[in-house]
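The values are calculated or read from the model by the stated rules, or taken from the named source; none is laboratory data. Given the structure is predicted, the values throughout are model-derived calculations rather than measurements. All Cβ positions, even for glycine, are placed from backbone atoms using ideal geometry, and neighbour counts span all protein chains on display. When the accessible area is computed, the model is the full protein with side chains, heavy atoms only, and any ligands, DNA or RNA have been set aside. Shrake-Rupley method; radii C 1.70, N 1.55, O 1.52, S 1.80 Å.
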Amino acid sequence: LFRIDIKNRIIFSSNIVPESVGTDGQPCTATNSNCPIAAILNPIGVGQVLFFTNAIDTRTTGADLVVQKGVAFDGGSSLDLTAAMNYNKTKVTKRKSESPILSPTQLFDDTQVTLVEQGQPRQHHILQGVYHDGPWDLTLRASYFGSVTGQGFTPGIKQTWGGKWLEDVAVAYRFSPHARVTVGADNVFNTYPDKWNPQTGFPFPQLGFTYGWETLPFGINGGYYYARVDFAF
């Protein structure tokens with residue numbers, strides 16, 4: 001069981017853009033002193049800026065459980081079993097800003113809060129079995145990545161990408177203590193993340209994007225199949 005508190009955590013800020021309307025309700029102009037962000041960015045032709053900053057405090061709680069079991073069979077073969085399970089939850093406990101012109105919620109907005117709190121899986125589990133028989137090794141592995149959520153595309157709307165299991169398999173043969181050949185596949189069943197929702201993901205599906213990016217816990221390339229020869233000197 002664990003709990004991790006971080007004060008003044010270093011994160012990426014929100015996208016800071018020049019105001020179009022000042023705090024006085026008037027359109028921003030070169031002489032409007034109520035548009036402090038525009039007064040800094042517009043003269044240098046910058047449309048938006050983001051940067052590293054110590055803008056938040058966070059608390060992460062969770063549990064790790066690892067179970068291992070080895071089984072020996074008659075004839076000399078053996079089976080190694082492993083189960084590793086992780087549950088975690090991160091909460092932004094405070095937003096802060098030292099800037100005289102950026103409030104805490106401007107410096108680190110709700111989109112970034114969602115990214116920190118829900119942009120990584122709250123569950124990650126691995127089940128693995130490795131069978132050894134003389135020069136042969138057979139590995140089977142299943143990895144689960146929990147659901148993730150992001151926002152910042154359609155204003156006020158979040159999208160959740162569902163949890164997925166990925167399965168790996170590998171067969172290895174040792175010719176000698178120094179040489180081994182392996183044939184295998186990562187993500188053998190060619191699993192992909194959920195696609196953008198055409199409505200809640202607007203405008204990215206309409207622009208030709210099929211999958212998300214910063215919140216996805218595994219890649220968008222599907223299965224990876226390989227043959228490998230290892231030499232030890």
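Do any residues in the range 187-206 that are free of Cβ contacts under 8 Å to residues at least 12 places away in the same chain have Cβ atoms under 7 Å from those of residues that are open to solvent by 40 Å² or more (accessible area, probe 1.4 Å) and assigned to a loop (DSSP other than H, G, I, E, B), where the two are at least six apart or on different chains, and which pairs are they?
Pro205/Pro198
Among residues belonging to the range 105-126 that are open to solvent by 50 Å² or more (accessible area, probe 1.4 Å) and of a type in the set (Val, Ile, Thr), point out the one that is farthest from Gln68 (Cα to Cα).
That would be Thr105.
When both residues are 6+ apart or on different chains and their Cβ atoms are under 7 Å apart, which pairs have a first residue that lies in the range 207-219 and is among the aromatic types (Phe, Trp, Tyr), and a second that is open to solvent by 30 Å² or more (accessible area, probe 1.4 Å) and part of a loop (DSSP other than H, G, I, E, B)?
Final answer for the pair search is Tyr211/Lys195; Tyr211/Ile220.
Looking at the range 165-174, is at least one residue out of contact with any Asp or Glu (no Cβ under 7 Å at 6 or more places or on another chain), under 25 Å from Asn88 (Cα atoms), assigned to a loop (DSSP other than H, G, I, E, B) and not acidic (Asp, Glu)? Before the answer, list the steps.
As a first pass, look at the range 165-174 and keep what is out of contact with any Asp or Glu (no Cβ under 7 Å at 6 or more places or on another chain): 165-167, 169-171, 173-174.
Then drop every residue that is not under 25 Å from Asn88 (Cα atoms), which leaves 165-167.
Narrowing the set further to residues that are assigned to a loop (DSSP other than H, G, I, E, B) leaves none.
The answer is no; no qualifying residue exists.
Out of contact with any helix residue (DSSP H, G or I) (no Cβ under 8 Å at 6 or more places or on another chain), open to solvent by 80 Å² or more (accessible area, probe 1.4 Å) and among the aliphatic types (A, V, I, L, M): does that describe Val66? Walk me through how you get there before you give the answer.
Values: out of contact with any helix residue (DSSP H, G or I) (no Cβ under 8 Å at 6 or more places or on another chain): yes; open to solvent by 80 Å² or more (accessible area, probe 1.4 Å): yes; among the aliphatic types (A, V, I, L, M): yes.
Spelling it out, Val66 is indeed out of contact with any helix residue (DSSP H, G or I) (no Cβ under 8 Å at 6 or more places or on another chain), open to solvent by 80 Å² or more (accessible area, probe 1.4 Å) and among the aliphatic types (A, V, I, L, M).
For Asn190, state whether it is under 30 Å from Asp64 (Cα atoms), open to solvent by 50 Å² or more (accessible area, probe 1.4 Å), over 15 Å from the mean Cα position of the chain (by Cα) and at pLDDT below 95.
no
Of the residues Arg174, Arg228, which is of a type in the set (Lys, Arg) and surrounded by 15 or more Cβ atoms within 10 Å (Cβ to Cβ)?
Values: Arg228 fails: surrounded by 15 or more Cβ atoms within 10 Å (Cβ to Cβ).
Exactly one residue qualifies, and that residue is Arg174.
For the range 70-118: of the residues being of a type in the set (Ser, Thr, Tyr), closer than 24 Å to Gly152 by Cβ and not in a helix (DSSP H, G or I), which is farthest from the chain's Cα centre (by Cα)? Step through it out loud before you land on a result.
Residues of the range 70-118 of a type in the set (Ser, Thr, Tyr): 77-78, 82, 87, 90, 93, 97, 99, 103, 105, 111, 114.
After this cut, where a residue has to be closer than 24 Å to Gly152 by Cβ as well, the list is 90, 93, 97, 99, 103, 105, 111, 114.
The next check asks that each one be not in a helix (DSSP H, G or I); those that pass are 90, 93, 97, 99, 103.
Numbers: Thr90: 13, Thr93: 20, Ser97: 26, Ser99: 29, Ser103: 27 Å.
Selected residue: Ser99.
Which one of Phe209, Phe218, Phe189, Phe153 is under 21 Å from Tyr87 (Cβ atoms) and not in a strand (DSSP E or B)?
Working: Phe209 fails: under 21 Å from Tyr87 (Cβ atoms); Phe189 fails: under 21 Å from Tyr87 (Cβ atoms); Phe153 fails: under 21 Å from Tyr87 (Cβ atoms).
Answer to the selection: Phe218.
Which count do you get for residues in the range 127-151 that are open to solvent by 50 Å² or more (accessible area, probe 1.4 Å), in contact with a Leu (Cβ under 8 Å, 6 or more places away or on another chain) and within 23 Å of Trp196 (Cβ to Cβ)?
Total satisfying the criteria: 0.
Check Asp57 against each of (1) open to solvent by 70 Å² or more (accessible area, probe 1.4 Å); (2) under 16 Å from Asp109 (Cα atoms) and name the one condition it does not meet.
(1)
Exactly one condition in (1) free of Cβ contacts under 8 Å to residues at least 40 places away in the same chain; (2) open to solvent by 40 Å² or more (accessible area, probe 1.4 Å) is not met by Thr90; state its number.
(2)
If only one of Phe153, Phe175, Phe145, Phe189 is closer than 21 Å to Asp110 by Cα and out of contact with any helix residue (DSSP H, G or I) (no Cβ under 6 Å at 6 or more places or on another chain), which one is it?
On the way: Phe175 fails: closer than 21 Å to Asp110 by Cα; Phe145 fails: closer than 21 Å to Asp110 by Cα; Phe189 fails: closer than 21 Å to Asp110 by Cα.
From the options Phe153, Phe175, Phe145, Phe189, the qualifying one is Phe153.
Residues of the range 112-153 being in contact (Cβ under 8 Å) with a residue 40 or more places away in the chain, hydroxyl-bearing (Ser, Thr, Tyr) and over 30 Å from Val171 (Cα atoms), which ones?
Result: Thr114, Thr149.
When the residues of the range 7-16 are filtered to those that are within 16 Å of Val49 (Cα to Cα) and open to solvent by 70 Å² or more (accessible area, probe 1.4 Å), which remaining residue is modelled with the lowest pLDDT?
Asn15
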